[in-house]
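The values are calculated or read from the model by the stated rules, or taken from the named source; none is laboratory data. Note that the structure is a prediction, hence the values are computed from the model and not measured. Every residue, glycine among them, receives a Cβ derived from its backbone with ideal geometry; neighbour counts consider all protein chains shown.
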Amino acid sequence: MKRVLLIEDLPQVAQHLQQMLAREKEAELVGAESQADAAIARVTTEKPDAVMIDALLQGKITGFDLAKRVRAASPGSRIVIVTVPQRPVDPKPDQAIDAVFVLPGGANELAAALAIGRRETLRLKGKMIVCYSPKGGSGKTTIAVNLATILRRRGSSVALMDGVMQFGSVRHVLQVPPSTRSIVDLPTGQGMRTSLSEVLWEGPSGVAVLLGPPRPEEAELMAAPDVATAMQLLAEDYDYVIVDAPSKLGDETLALLDSADIILLLVTYMQASIANARAAVDTFEALGYKGQKPILLVVNQSDTVAGMSRGGIEHTLNLPVVAEIPTDWKTVAESLNKQQPFVLSSPNSAITKAVDALANTLVQQQRR
């Protein structure tokens, strides 16, 4: 179901579009606004899946300027410009125009503009983002959980997968009931497809969570191909799949990395962390990952530079740093002890803003 916000200042056109949306089974109108400021406030708080904007808005701000403001406020929203044949507009995602609906278009044209209906069956698989660090204690699980939560808050459908089959941490940093099912409850092979939804747990803000085995000895029940298959099946139903991967480059980790669309490599400004990351990058190169998929650096505890620099890390690892997450022991510790993501409990903190910036980078990369 696509949540749609309509921005239209002509009452008769607004009424017509609302009636069309009401007849569309896969669309839900979350509101209609006629003023730019009110519309931006609504976009910021509700993060709709799609925003329809009249290209001919009257007033100080044009529909095209408003589209850019909507993109900044909610990068994950699909922006549809509404126009008439006499004023043609071309889709230009780089200018915040994802699709165009030309009045008086019909239901098929509306569905195509909103990317629903028959087009939805052809949707690309969601982005599979694997969070990896060759060194324990890097904050990998914390970043994965909070990144998944903030992407969901932006309006995307998100699955969070604990890829650590032995001593996974996701269930311990969230308020997961002890009886919650896990990946070991899935059948093997393609039989997973029909049972996957039955073992998912609804986490913070509606993130769908696939937990790792609750007991360490149950890790033996999971084969590496099945772990990768679970991630790939999740990507068929969700815009993003965020995976917390094991540090050991064993069969399960390599299966996840092989299937990943993006690898987020977590490091800190410590020599041991950089040395281990260098060894991991060498392995990635040997496996042919470089050039095949983005490998992006995330520097955690970035305000503890210890004589290092962002440029120095980028030079040493020959990879770009896409985010620097500052140290905030108090916020993180409280978050872990209360089992609530800090992006929810401390939305105005510097560490939350850093994770939000990381999410924005990933959204923009997916759009490109």
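For this structure, a couple of remarks:
- When Ala306, Ala286, Ala275, Ala235 are screened for being modelled with pLDDT of 90 or more and over 28 Å from Leu174 (Cα atoms), only Ala275 passes.
- Helices (runs of 4 or more DSSP H) within the range 200-299 that include 2 or more residues crowded, with 16+ Cβ neighbours inside 10 Å, hydroxyl-bearing (Ser, Thr, Tyr) and in contact (Cβ under 8 Å) with a residue 12 or more places away in the chain: 251-259
- A single member of Leu336, Leu344, Leu297 is under 17 Å from Ile143 (Cβ atoms), modelled with pLDDT of 95 or more and not basic (Lys, Arg), and it is Leu297.
- When restricted to residues that are at positive phi and either at pLDDT 90 or above or crowded, with 24+ Cβ neighbours inside 10 Å (or both), the range 151-172 contains 1.
- Qualifying residue in the range 70-81 (condition: in contact with a strand residue (DSSP E or B) (Cβ under 9 Å, 6 or more places away or on another chain) and surrounded by fewer than 16 Cβ atoms within 10 Å (Cβ to Cβ)): no
- Selection within the range 302-321: residues that are in contact with a strand residue (DSSP E or B) (Cβ under 7 Å, 6 or more places away or on another chain) and not β-branched (Val, Ile, Thr). The member of this set that is surrounded by the fewest Cβ atoms within 10 Å (Cβ to Cβ) is Pro320.
- Residue in the range 131-150 that is at positive phi, at pLDDT below 90 and assigned by TED's automatic domain parsing to the domain that holds Asp226 present: yes
- Take the conditions (1) of a type in the set (Lys, Arg); (2) surrounded by fewer than 15 Cβ atoms within 10 Å (Cβ to Cβ); (3) in contact with a Lys or Arg (Cβ under 8 Å, 6 or more places away or on another chain); Lys47 misses just one of them, which is (2).
- Within the range 36-70, tally of residues that are among the charged types (D, E, K, R) and either in the same structural domain as Leu151 (by TED's automatic domain parsing) or over 24 Å from the mean Cα position of the chain (by Cα) (or both): 4
- Of the residues in the range 1-12, not one is surrounded by fewer than 19 Cβ atoms within 10 Å (Cβ to Cβ), basic (Lys, Arg) and assigned to a loop (DSSP other than H, G, I, E, B).
- Of all the criteria given as (1) touching a strand residue (DSSP E or B) at 6+ places or on another chain (Cβ under 9 Å); (2) exposed (fewer than 15 other Cβ atoms within 10 Å of the Cβ), the one not satisfied by Asn108 is (1).
- Meeting the requirement of 3 or more residues that are among the acidic types (Asp, Glu) and under 18 Å from Asp261 (Cβ atoms), no helices (runs of 4 or more DSSP H) wholly within the range 87-183 can be named.
- Cβ separations smaller than 6 Å between residues 6+ apart or across chains give the following pairs from the range 64-85 residues that are farther than 12 Å from Asp98 by Cβ to residues that are among the hydroxyl-bearing types (Ser, Thr, Tyr): Ala73/Thr44.
- Lys25 being among the charged types (D, E, K, R), modelled with pLDDT under 90, under 27 Å from the mean Cα position of the chain (by Cα) and outside any strand (DSSP E or B): yes
- Within the range 44-65, tally of residues that are of a type in the set (A, V, I, L, M, F, W, C) and either at pLDDT below 90 or in a loop (DSSP other than H, G, I, E, B) (or both): 5
- Residues of the range 28-43 classified as part of a loop (DSSP other than H, G, I, E, B) and either within 14 Å of Arg69 (Cα to Cα) or of a type in the set (A, V, I, L, M, F, W, C) (or both), total: 1
- Scanning the range 311-368 for residues that are in a helix (DSSP H, G or I), farther than 21 Å from Val176 by Cβ and among the basic types (Lys, Arg) returns Lys330, Lys353, Arg367.
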